[in-house]
Each structure stands twice: as C-alpha cells, then as structure tokens.
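The values are calculated or read from the model by the stated rules, or taken from the named source; none is laboratory data. Treat the numbers as computed from the prediction; the structure is a model and nothing was measured. No Cβ is skipped: glycine too gets one built from the backbone with ideal geometry, and neighbour counts run over all protein chains shown. Just so you know, the surface numbers come from the protein's heavy atoms only, side chains and all, with ligands and any DNA or RNA stripped out. Shrake-Rupley method; radii C 1.70, N 1.55, O 1.52, S 1.80 Å.
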Amino acid sequence: MCRRSPALLLGAFLAIASAAHADSLTVVPPIQAVRLNAPVTVDGVLSESIWQSAPAETQFVQRDPIEGVQPTLRTEVRVAYDDQALYVGARMWDTHPDSILARLVRRDNSCSSDRFMVFIDPLHDRRSGFYFGVNAAGVLYDGTLFNDSWDDNSWDGVWEGRAHIDNQGWTVEMRIPFSQMRFRRGPNTVWAIDFRRELIRRNETDWIVYIPRKGSGFVSRFPDLVGLGDMHAGSRAVELLPYATGKAEYLQHDPSDPFHHNSHYTPSGGADLRTSVASSLTLNATINPDFGQVEVDPAVVNLSDVESYFQEKRPFFVENSRVFSFGNEGANDYWSFNWPEPTFFYSRRIGRAPEGAIPDTVQFSDVPVATHILGAAKLTGKIGSSWNFGTVHAVTGREQAKLDFAGNNWRQDIEPTTYYEDTRAFKEFAGGRNGLGFMGSGVAREFQDGNLRDELNRSALTAGLDGFHFFDAKKVWVLSGYTAVSNVTGTQARMLALQQSSVHYLQRPGDPSVSVDSGATSMTGWVARAWLNKQNGTHFIMNAGLGAMSPTFDVNDIGFESRANVINGHLGTGWHWDTATPFRKYAQVLLAVFQARDFADRITSEGIWSDQSVTFANNGYWDQTISANPRTVNDRRTRGGPITLNLPFVQWAENVNTDSKRKVYYGLSTYYSITPQAHSFEWTASPSVTWQPMSNFSLSLGPSFDRTIENAQYVDALADPTAVETFGTRYIFAHLDQRTVSANIRVNVSFTPNVSLQTYVQPLISAGQYTNYRYLVRPDSYEFAETPYTNSNPNFNFRSLRGNAVLRWEYMPGSALYFVWTQQRTDQVSDGELEFGQSVNQLVKARANDIFLVKVSYYFPM
C-alpha cells in the first residue's frame, strides 16, 4: 500500500504567486487624555464637568455593513485620568432611544446588544493589550489582546463601568485602575487606544480604526493616547482574594460501605494573590484553590482509543492562558487536516483524578475524585520591550485510597506528590515582521509507593522553538511553525507500557518503522510543523502546511496528544467576497488537498476537501463542507496489532443559523459519513433553538441524535498460536449499531449586571449492540472471517443526567458570592437496544448524587 504522493507542499512553497497589494496603515491623530480636577462618580451619567470640557473624539468610521463610510449615528468619547485610574466617558447618540437593544446577561457573555468597547495598548508594543466594554444594559466585558489580531476573554479585571439610557441615546462611564494593567513607568507616557460602537439593530460597527476586510493587524493600527504625563502610580498594587467555602455532599453508596455515608460536610478556605513584578509582569498565586463554581463536564461515551478532551474552566488556569500557547504565532489562520496537533500545555493535567490502579479484589474503596493542588503560581507579562513571557508552577499532593476487603482496611498510594512547570517566551523583531519564541515544560514525581513507579512516568521534559517570518513589509505572506523535543523517564515496566499505549503502538507487528525496547528507562521524540499563509491583500486565499511527529514523541504528562508517528501536509486555496450586497455580507469558497503518512511511508489518510459559507444580509449563516477520501491504510484499528485498510469514504457536514438578535433563533448542524464498500455510516443531527423573551432571560435547547453503523468495531485481541498470518493473535471485531440521544439545556437569568443565575443540564442515553463477531484474516486488508466470541458481553445501554446551577453575586468589584448545586444520575445495563421511553424512566428512577457549595470571596486591594 505504498504510493508516491505528489510533491504538493514543497513545490507550493516555492511556486507562490507574488504578493498582492495590501492596505497601508491608516494614520489617525493622537487622542488626548486630560487630568481630572474633580472626582468622577461612575454611574453612567455624564454629569461631571470633565465630560463637557475635555476634547471629544468623534471621528468614527463604519466598518460594517459598509466599510469606510460615515456612521449613521454620532458617537463622542473623552478620556481622563488621575493618579489611580483611567476614565472613559462616551455618548452614543440615537434618534430612536426606544430601539436601543439592551440585553442583561452575565459578565463576558456574548449577546446581541448595543455595546461600547475600549481597546488599550499600555505597553505601546503594537502587539498586545487589554479591552474593556459595557453594553447598554450595563454588562461588563473585558479581556486581553495578543498577536496583534487575537483576543482572549478569560481575564477578569477589577474595574467599574456603568451605562445609562436617556432621551438622546445612551452613555457609558468607565473607571479602569492602573493596577489592572502593566505599563512602563516614566515621564511623557504614551499608550495606544481604539474605540468601537456596536449598533445592533442596524448591524453596524463603528471604529476609530478598524481592520479592513482585505487586511490584517489590529493593535498595530491603534492611534496614540497622549497627555498621560508622568506615570508612576498604581505600578506596585497587591490584590489579595481570600475565600471560604462550605460543601455538602449527598452521595449514594452501598449501605455496607465502611467509608461512606449518605451525607458529608466539608468546610475549606484558601486565597488568591495578584501583584505586579517590575512594571510589566503580573504574579498570580493561589493556595488551596477551589474550583467548585465551574460548570460540570459533559458526559461522553468514548469507544475509541483516544482520550476525551475537556475544556479548562478553572479561573486560575483560564486567566491569561493564551500566554502559554505554543506553535501558532504570527499567522491569523492555521488549517489542519488530520494533523494531530499536540496541546503542549493542557492544564487539566494539574489536579486531575488520581491515576494509580485499585486492586480488583477490593470490595469497597474511598478514592479522591481529584488530586489536591497544594499551591500554584504564574508570572505573565512583558520582559523588556518585546518579550512576551509566562511561567506557571504547581505542586499537587500525595493521594491515598482507603480500601476494604472482608472488613480489613488499609491505605494505598494512588498518586504521588507531583511538580508541574511550564515556561513560555516570545520575542518579535523588525517591527513585527519576525518572531522567535521558546517553550519548556517539566513534570517530576516523588514516589513513596513502589507500585506507582511502574504506573506513572518519573519525569517528563519538553522543549521547543517557534516563530514566524513575513516575506514583505505589508505582511501579506507569512511563514510560521515550530519544532519540539520530548523526553520521559521511568522504570522499565513503565516505559514498556508507554511504548505500547494508544499514542504510540510501538509493538505493532510487521511494521519496520516501530519497535519496542523492553530495557528502556527513557523515551525521546520530536515534532515539527510549518505553515505558509496569505493573510492580507486581495480576495485570494492560500494556506499550506507540512509537519512530522516521530513515533516516540510524548507530551501527555503536561499536554494532550492523541497519536504520534505521522507525516502530514495540505495545500489549500480559495476566494472570499467581503463587499456587502443586498443578499449577503460575506461569502467564501475553499478547496484543499491533504495527505498523511506514517514513518513506514504508508498513506494513512488523504483526500480532497471543500467548504462553502455565506453570511446573509439578514445575519443568517450557512456553511457546508464535503470531503472525499480514497482507500488508505489504518494503523490503529487493531489497537497495536497489524495494519488494516481504510475503504473509500465520503464526509459531509452542514451548519445553518438564523439571526441571534431575534427573540427566537434557530440552528441546525448535521454530519454524515458513509463507507459504501464496508456498509458503514454515521449521521448526526443537532438542531437548536434559543428563546429570549426578555432582555435578561434566555432558554436554549440543543438536542442531538446520532446513529453509527460500524462494520469493523474493535472488540478484543486473543492469543492463538494457529493465527500465523496475524502473528499469533486473533483480532476480534464486530458489527456495531450505536444510537445516542442527548441534549444541552441552558437557562440563564440576570437580575442585575452583578447578579446572575446560570443552569446547565445534559441528559444522555447511548446504546450499542455488537453482532456478527469476526477476526482479521491477514494484515494489509479489510478481510474478516466469522468466529464465535463468548469472552464478554460488550453491549451497553448507558444513561446519564448531569447538570448544575450557579447563582453568582458580585457584591462589590472583585468580590463574589456563589451558591452552586450539582447533580448527577447514571445507570447502565448490558442491553444494546435503545428503548427511549424505558431508558428515560430508568434514568429518572436512578438515585441522584447531589453536591451543594457556598463560596464567598473578598477582594483586598493593598
């Protein structure tokens, strides 16, 4: 199955057409800030004299729907400051104030509402900064800016903003403490700033300076903010956030379980600290962090050999997390086709569930649900004039399980004391045309129990370089990429298990590109990836990528990696239309070819892919993708056994959404994949509806229906000396018929901009029936022969109901009170038939596990 692929990438890199003309940066006069001569009360009403006497910025330009024309309504903005804070006052004139759309939601939640935003580059590096916004209902928005064009809303600053609607339109006042931003101290300080107004009913956005539709770069376009004078105040602020919690658990257990009762109460407490280091670095530290107020993870039924990936939701790790991203700098788009992009820092590893094995013979056990984080700290910000820097360190404690057999109790280590570290730095050169960065991470474990030495790596190290280079001064074409190496160490037993894990499968028989070293006590690997992207200029789109990952590369101690042993590339092109018409706002057509090989030069995936999308004039959206995939080899179906074949298949997906500004709006996502020769297919339909009858209430319902017919689902591997062609093992497969019904239900109510109730419920029922057991006849084929199989019954009918409700009150800036209720119900039987009514009835009858949490925190600025 070895075929020579066309030289579609290296040739493409050398044969790119010359760069088209890009837009030049718009020159805007500096914006003047004035010193306050009297206090400002932040109530949204522009009653103070400074809001009449200070120079007003009024030269807004429309970006949407018609680029470059005058706004339909006037906006005035003034900027002032004192020793502690920056103040912004804005008047949004409106001839029909009764039509202003003001939706009340939780902080940072996106919604269709009139909004005013301020974007600030206090370091004046033309690449990074902060944004602050207030919508017409008084909801706050904030986040960080990076890489000139990207933003991250994970940061929550402590600042004030209010809005007020009157008969002339609406107004905004903001007070942004200097302690919330990092800047260089000294005389004649110059920052950069930009403003945006969103006028929802007219689909209009007005800016001082905007990113043209044929351009790129955002922060680099900001006009200067002058008049700030000698900036020294606020640079040494210390913020302390102590908290106290009370948790009540009502969990279901066996009545004879010696470790558990139906109720358990736990008080706790801790503290977070935030302060500046030098003038442009921020230190965050936490002792005994608590994460009880975050949303529960969704339930999944995973029949693959790849670990499920879950989003990080814990505030300490979410805030400024983009600083630690590695490998995707410089370009504004990174296409990927079956490239298993590693996540080099996956913070969910810190504080995860203990991984030590529990003996099968025990009758009862008391196992911690998560590893206790003793403490963590991170330092983020700027070093010098252009080094973006971040480092995070955490220590998790030794965890033990309480075990019982026949009345005999003992303790056993299931997680050792562990140290985690990740450091990231990135520097730009030549006015942002070049960039170079590095990354280093490490994990070290201290074992008190010898058994754990064979179950976990002793240490893990990763180091890498990444960067970008723009080929022209107008930044039309950019080459970006990274390379990294990994090294893990452990006992011979641990390294043997790691080599045979689903990420590596080095034990695969008959494969000359991999082999197992049974005497190894360490494993080293490498990865490299490069992209060429056209991100500026004409309507023409182009993106190409080429990468390779060695069979022994591994970052799963502190990162996330689904597989190794791959050489992958793609070449994509397309065309976009960005001039608004009566029919549409934006449209694009994309086309790409892709291919992946393993290190034995076998093609593991390839195909042709197309995407068509339109944003309509009425704010509706339609997107469709189609891919055709010819026959390739499959090096994972046998879970470490011999190679099989992938038969030709076709994939199709479609997404449709209506205007989210309406009181009721709809969406539909569909997916279909079919392999005709194998009689296998998968289809998914996920409709959704959101109801917004009032400005402060929303109900969203997103059911999902999935049907999978897999003709060769892996079941087992059985030793059989007569199976000569498959190297002494019978690889058992079956016909799988799986049906899944689930839903995501959310109800959000905001009582004020600072008081909100959010609820999330996910019911899920999934049933799978295995029939027609067969074994693989020979490698490099898709041929099977029937066989009896009685080792186990893999049929399943899994039912889950989980959700939580979070009442949040920010009773003063930075201080909050949480009330949280989490409930989970599960039930499972060995029945592959999905009887919906019966399954729902059993799920309702299932005994519930309830957890109630109260958390109060208090913000101390010092």
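Put +1 on the Cβ of each Lys and Arg and -1 on the Cβ of each Asp and Glu in the chain; which of ALA544, PRO354, THR75 then has its Cα farthest toward the positive end of the dipole? Comparing the listed Cα positions along the dipole, THR75 ranks first. Normalised radius of gyration (Cα atoms, divided by 2.2 N^0.38 Å) for region 379-486: 1.67. The listed residues HIS164, HIS504 rank as HIS164, HIS504 when sorted by accessible area, largest first, using a 1.4 Å probe.
Does anyone have the angle between helix 836-845 and the longest principal axis of the chain? Alpha-carbon axes, 0 to 90°, nearest 10? For helix 836-845, the angle is close to 80 degrees.
For region 423-440 versus region 560-629, the spacing of their alpha-carbon centroids is 29 Å. Under 22 Å of direct C-alpha separation, and excluding same-chain neighbours fewer than eight residues apart, LYS378 reaches these lysines: LYS313, LYS427.
For the chain, the carbon plus sulfur part of the accessible surface works out to 56%, probe radius 1.4 Å. Across region 551-559, coupling constants 3J(HN,Hα) worked out from phi with the 6.51/-1.76/1.60 Karplus curve, θ = phi - 60°, read x, 9, 6, 8, 10, 6, 6, 10, x Hz, and Gly and Pro carry x. Name the lysines eligible as straight-distance cross-link partners of LYS534: C-alpha to C-alpha under 20 Å, and not fewer than 8 places from it in the same chain. List returned: LYS214, LYS474, LYS475. Rolled with a 1.4 Å probe across the full set of protein chains, the surface gives SER513 an accessible area near 30 Å².
Candidate values (i) 47.4; (ii) 36.7; (iii) 39.6 were compared with mean projected area of the Cα convex hull in nm² computed on the shown model; the agreeing label is (ii).
In the context of the full set of protein chains, the chain has a per residue accessible area of 42 Å² (1.4 Å probe).
Only protein heavy atoms count here; on that basis, with a 1.4 Å probe, ILE211 has an accessible area of about 50 Å².
The ARG584 and VAL238 beta-carbon pair, evaluated with R₀ = 60 Å, returns a calculated FRET efficiency of approximately 0.70. The residue list SER149, TYR420, PRO255 was ranked by how far each Cα lies along the charge dipole of the chain toward its positive end, using unit charges on Cβ atoms, and SER149 comes out on top. The 1.4 Å probe gives accessible areas that order ARG433, ARG196, largest first, as ARG433, ARG196.
Antiparallel versus total DSSP beta bridges in region 28-116: what percent is that, nearest 5? Given both bridge residues lie in region 28-116, the antiparallel proportion sits at roughly 75 percent. Inter-label distance, VAL296 to LEU465: 4.8 nm, where each label sits 7 Å from its Cα along the C-beta direction.
Each of LEU228, PRO298, THR573 was scored by the projection of its Cα onto the charge dipole of the chain, and the greatest displacement toward the positive side belongs to LEU228; charges sit on the C-beta of Lys, Arg, Asp and Glu. Region 723-766 and region 330-347 have their alpha-carbon centroids 24 Å apart.
Of the residues ASP64, ASP194, ASP156, ranked by 1.4 Å probe accessible area with the largest first, the sequence reads ASP156, ASP64, ASP194. The accessible area of ARG825, taken with all protein chains in place and a 1.4 Å probe, comes to roughly 50 Å². Separation of region 123-191 from region 527-558 is 33 Å, based on Cα centroids.
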